[in-house]
Amino acid sequence: MIAPSILSADFAHLADEAHRVGGAGGADWLHVDVMDNHFVPNLTLGLPVVQSLLKVTDIPVDCHLMIDDPDRWAVGFAEAGAYNVTVHAEAVRDPISTALDIRAAGARAGLSIKPDTDLDDWVEALRSYDTLLIMTVEPGFGGQSFLAEMMDKVRSARRMVDTGHLTVVIEVDGGINADTIEQAAAAGADCFVAGSAVYGADDPAAAVRALREQAVRARG
C-alpha cells in the first residue's frame, strides 16, 4: 500500500492535492502528519483541517499524531472519521487503553516508534494495535534521508507477523522514494508513506502506481 503524505502537498489546495493521488490505482491511504511543536519541533495542522479533508476525499485517511498527550486527542480523530489513527510509543501514557479507545471510536489503531526506540519493548502493547509505524527518519520534517539501519526493525516485525505473534500492518515513514522503497519492501513492510516522491512528481497518481509496482516486485 502507498500512503502519500500531505506534508509535501500544497496546503493552500489540500482538496485538490487529495484528488491528485486518487482514482484507479491511486493512493491506498492518505497520510496526515499532525505535529504540535512540542513532541516534534514542527507545527502542521490539527483536527479541524482533518475534518475538512475528510469531507472532500474518499481515500482512507491515516492520521499520524506526533503530539504530546495523544491519549487525550486520538479519539477525536477517530470520531471524525479517520481510517487509522497512530500515536507515538514515546508519548502515549497508556498504550493499550488508548488503542482500545481508538478502536471503539471506529478507527484502526496504530503505534509508531522513533529510530532510537527498541521494538522489543513494545511487542506486548502491539498486540492491541492494527498498525506498526516504523519511522525511517527522525520525525518532525519531510525530505530527510532514509535510515537504512531501520530495516532490521522491519525484518523483526515481519518475522513476528509471519509467525503469528503480531497481526499488524507494517508501515514505514521517512525518506521513501524510488531509490529506497525496494529495500523497505524486501525487508517486509506493507505500507509506504511517501511525501516528496509523490507530490514532487509531475503526475502524483502515476508516481503512486510506480512506487507500488516497485514494492510488489521487491516483495516477490
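Computed from the coordinates by the stated procedures, all read-outs in this text should not be read as laboratory data. Just so you know, these numbers come straight off a predicted model, no measurement behind them. Methodologically, a virtual Cβ is constructed for each residue, glycine included, from the backbone with ideal geometry; neighbour enumeration extends over all protein chains shown.
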Considering the dipole of the chain built from charges on the beta carbon (Lys and Arg +1, Asp and Glu -1) around the Cα centre, which of His13, Pro48, Ala27 is farthest to its positive end?
Ala27
Just for the chain, what percent of DSSP beta bridges are antiparallel, to the closest 5?
5
Within the set of other residues whose C-beta is less than 13 Å from the C-beta of Asp173, count the net charge using Lys and Arg as +1 and Asp and Glu as -1.
-3
Show the residues, 5+ positions off or on another chain, whose built amide H is closer than 5 Å to the amide H of Val61.
Leu30, Tyr83, Asn84
Residue order, fewest to most surrounding Cβ atoms within 10 angstrom, among Glu17, Glu171:
Glu17, Glu171
Tell me what the chain gives for mean residue ellipticity at 222 nm when only DSSP H runs of n ≥ 4 count, each as -39,500 (n - 2.57), the sum divided by the residue total, rounded to 500 deg cm²/dmol.
-10000 deg cm²/dmol
Short version: ³J(HN,Hα) in whole Hz for each residue of region 88-105, in order, from phi by Karplus 6.51 cos²θ - 1.76 cosθ + 1.60 (θ = phi - 60°), x for Gly and Pro, what are they?
8, 4, 6, 10, 6, 8, 10, x, 6, 4, 5, 4, 5, 5, 4, 5, 5, 7
Karplus ³J(HN,Hα) for region 129-140 (6.51 cos²θ - 1.76 cosθ + 1.60, θ = phi - 60°; Hz, whole; x = Gly/Pro) runs 10, 9, 9, 10, 9, 9, 6, 9, 8, 6, x, x
Spin-label model distance (nm) - Val49 vs Asp162, 7 Å beyond Cα toward Cβ
3.9
Selection from Gly143, Ala82, Gln214, by position along the positive dipole direction of the chain (Cβ):
Gln214
For a paramagnetic label modelled at 7 Å from the Cα of Asp68 toward its Cβ, which residues of region 83-107 fall within the zone defined by backbone nitrogen distances under 17 Å?
88-94
Non-local residues with an amide H under 5 Å from the amide H of Glu90, with H modelled 1.01 Å from N and Pro and chain starts lacking one, are Lys114
Hey, got the dipole for region 2-219? About the Cα centre, +1 on K and R Cβ, -1 on D and E Cβ, debye to the nearest 20?
540
Stretchable slack from Ala12 to Glu90, in nm (0.36 nm times residue separation minus alpha-carbon distance):
24.9 nm
Spelling out what I want: for every residue of region 214-220, take phi, set θ = phi - 60°, compute 6.51 cos²θ - 1.76 cosθ + 1.60 (Karplus), and round to whole Hz; glycine and proline get x.
5, 5, 5, 4, 5, 6, x
Taking Lys and Arg as +1 and Asp and Glu as -1, residues besides Leu100 with C-beta under 13 Å from its C-beta add up to -1
Beta carbons within 10 angstrom, averaged per residue: use that to sort the peptides 77-88, 32-43, highest first.
77-88, 32-43
Check Gly174: other-chain or 5+ apart residues with amide H under 5 Å from its amide H, H built from backbone geometry?
Thr136, Val193
